[in-house]
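Peer 1: Handing you a structure now.
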Amino acid sequence: MGAWGRSLALVALLTLAGAHTASAQSPSTSSQLLREWANWPYLSYCGGEAIAPVPLFSGPAGAENGSLPSEIGLREVLADPEISWIYLARTGYRLLAEDADSASFVSGELGAGTAYLALRKVGEQWKFGGSGPCFLGTAIGGVEAVNWGLAADQPGLRAETRRIRVNLGPGACSSGMSQNARARKPIFRQLGRRLLMTIVLKPLPPGLYTCQGISDPPLTVTLPDELGRRKLYDGGSFPPRAAADTRPLAPNSY
């Protein structure tokens, strides 16, 4: 691998190192989240694949010990001395997707850092195809949702709260287009006494876009009715964050 490719991979894998260090924690947090959100209604993106996160993480890990061709390939890639400088988890993989020429896996546990590993088949041999953090962004209608956070000037949420001000988290590169202008009407789903609010942006027209800073003012959103005794959550990723924990996203400038 050339110096350019090595430097790019190193940046991503320094992030992975932190995620995998966290993933060594007990899976009890993951089990708790899976029970709490057993009725999660959305797919999530991980490594470019749309997956159902609850069934995936409810199943056993250990694909690196499996007998499928891609699982055997996973073992070979993890043992490849040519990529030993790349930080990769050695155990705890689950299969995300595979076809005749590629496969992808996820490692780690919910609440403790997850990462994907992609493989590609060259002839009869599986090769390392890339890796990175897996943020489990919510997918609705084939479009990934954006996270949101309460604006700095948003008062604390109360039973009578009906209108809130939020900042939208980063989306795809858009050459500086306003995300507020592209925001679709929020999608609300109630799960018991929890209210999910998920925001999706209108897709960009075909073309090339630069990544540059956006500084939108807070977006005003009207809830379906008064919040009451429900707790509001950002449904933009899994597991969702309680609205009270979302203020670090403010202000919307990146």
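The values are calculated or read from the model by the stated rules, or taken from the named source; none is laboratory data. The shown structure was predicted, so the numbers you read here are calculated from the model rather than taken from an experiment. Neighbour counts are summed over all protein chains in view; Cβ atoms, including those assigned to glycine, are modelled from backbone coordinates with ideal geometry. Areas reflect the complete protein model, heavy atoms only, side chains present, ligands, DNA and RNA absent. Shrake-Rupley method; radii C 1.70, N 1.55, O 1.52, S 1.80 Å.
Peer 1: For the range 135-165, give me the residue count where each residue is assigned to a loop (DSSP other than H, G, I, E, B) and in contact with a Gly (Cβ under 6 Å, 6 or more places away or on another chain).
Peer 2: Residues in the range 135-165 being assigned to a loop (DSSP other than H, G, I, E, B) and in contact with a Gly (Cβ under 6 Å, 6 or more places away or on another chain): 3 in total.
Peer 1: Is it fair to say Gly141 is under 29 Å from Thr29 (Cβ atoms) and surrounded by fewer than 12 Cβ atoms within 10 Å (Cβ to Cβ)?
Peer 2: So Gly141 fails the test.
Peer 1: Consider Lys231 carefully, then state whether it is under 23 Å from Trp37 (Cα atoms), basic (Lys, Arg) and open to solvent by 50 Å² or more (accessible area, probe 1.4 Å).
Peer 2: Spelling it out, Lys231 is indeed under 23 Å from Trp37 (Cα atoms), basic (Lys, Arg) and open to solvent by 50 Å² or more (accessible area, probe 1.4 Å).
Peer 1: Would you mention how many residues in the range 84-101 are crowded, with 16+ Cβ neighbours inside 10 Å and among the small types (Gly, Ala, Ser)?
Peer 2: 3
Peer 1: Return yes or no: is Val221 more than 21 Å from the chain's Cα centre (by Cα) and under 15 Å from Val146 (Cβ atoms)?
Peer 2: For Val221, the condition - more than 21 Å from the chain's Cα centre (by Cα) and under 15 Å from Val146 (Cβ atoms) - is met.
Peer 1: Still on this model: Of these, Ser30, Ser23, which one is modelled with pLDDT under 85 and open to solvent by less than 30 Å² (accessible area, probe 1.4 Å)?
Peer 2: None of the other options fit; the residue is Ser23.
Peer 1: For the range 118-131, indicate whether the set of residues that are under 30 Å from Gly207 (Cα atoms), touching a Pro at 6+ places or on another chain (Cβ under 8 Å) and buried (at least 17 other Cβ atoms within 10 Å of the Cβ) is non-empty.
Peer 2: no
Peer 1: I'm checking my understanding of the structure. Among residues of the range 84-128 that are closer than 18 Å to Ser28 by Cα and charged (D, E, K, R), which one is modelled with the lowest pLDDT?
Peer 2: Within the range 84-128, the match that is modelled with the lowest pLDDT is Glu109.
Here is a yes/no grid of residues against (1) open to solvent by 80 Å² or more (accessible area, probe 1.4 Å); (2) assigned to a strand (DSSP E or B):
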{"position": "Asn167", "(1), (2)": "no, yes"}
{"position": "Gly171", "(1), (2)": "no, no"}
{"position": "Asn180", "(1), (2)": "no, no"}
{"position": "Arg189", "(1), (2)": "yes, yes"}
{"position": "Leu208", "(1), (2)": "yes, no"}
{"position": "Gly213", "(1), (2)": "no, no"}
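Peer 1: Out of the residues in the range 191-203 meeting the condition of being under 15 Å from Ala145 (Cβ atoms) and not basic (Lys, Arg), tell me which one is surrounded by the most Cβ atoms within 10 Å (Cβ to Cβ).
Peer 2: Top of the filtered list is Ile199.
Peer 1: Further, regarding this structure: Given the condition open to solvent by 40 Å² or more (accessible area, probe 1.4 Å), more than 26 Å from Ala112 (Cα to Cα) and not in a loop (DSSP other than H, G, I, E, B), answer yes or no: does some residue in the range 243-250 qualify?
Peer 2: No.
Peer 1: For the list (1) loosely packed, with under 12 Cβ neighbours inside 10 Å; (2) modelled with pLDDT under 95, I need the number of the one condition that Asp225 fails.
Peer 2: Of everything listed in (1) loosely packed, with under 12 Cβ neighbours inside 10 Å; (2) modelled with pLDDT under 95, Asp225 misses just condition (2).
Peer 1: A further question on this structure: State which residue is farthest from Gln32 (Cα to Cα) when the search covers only the range 87-99 and only residues that are in a loop (DSSP other than H, G, I, E, B) and touching a strand residue (DSSP E or B) at 6+ places or on another chain (Cβ under 7 Å). Even if it seems obvious, please write down each step before you answer.
Peer 2: To start, the set of residues in the range 87-99 that are in a loop (DSSP other than H, G, I, E, B) comprises 87-92, 99.
Subset that is touching a strand residue (DSSP E or B) at 6+ places or on another chain (Cβ under 7 Å): 88-89, 92.
Values: Leu88: 26, Ala89: 23, Gly92: 18 Å.
Residue satisfying both the conditions and the ranking: Leu88.
Peer 1: Follow-up question, since we're still on this one. Anything in the range 47-83 that is assigned to a helix (DSSP H, G or I), open to solvent by 70 Å² or more (accessible area, probe 1.4 Å) and among the polar types (S, T, N, Q)? List them, or say none.
Peer 2: Ser58, Asn65
Peer 1: With respect to Leu196, is the statement that it is more than 23 Å from Thr29 (Cβ to Cβ) and under 23 Å from the mean Cα position of the chain (by Cα) true?
Peer 2: It is false that Leu196 is more than 23 Å from Thr29 (Cβ to Cβ) and under 23 Å from the mean Cα position of the chain (by Cα).
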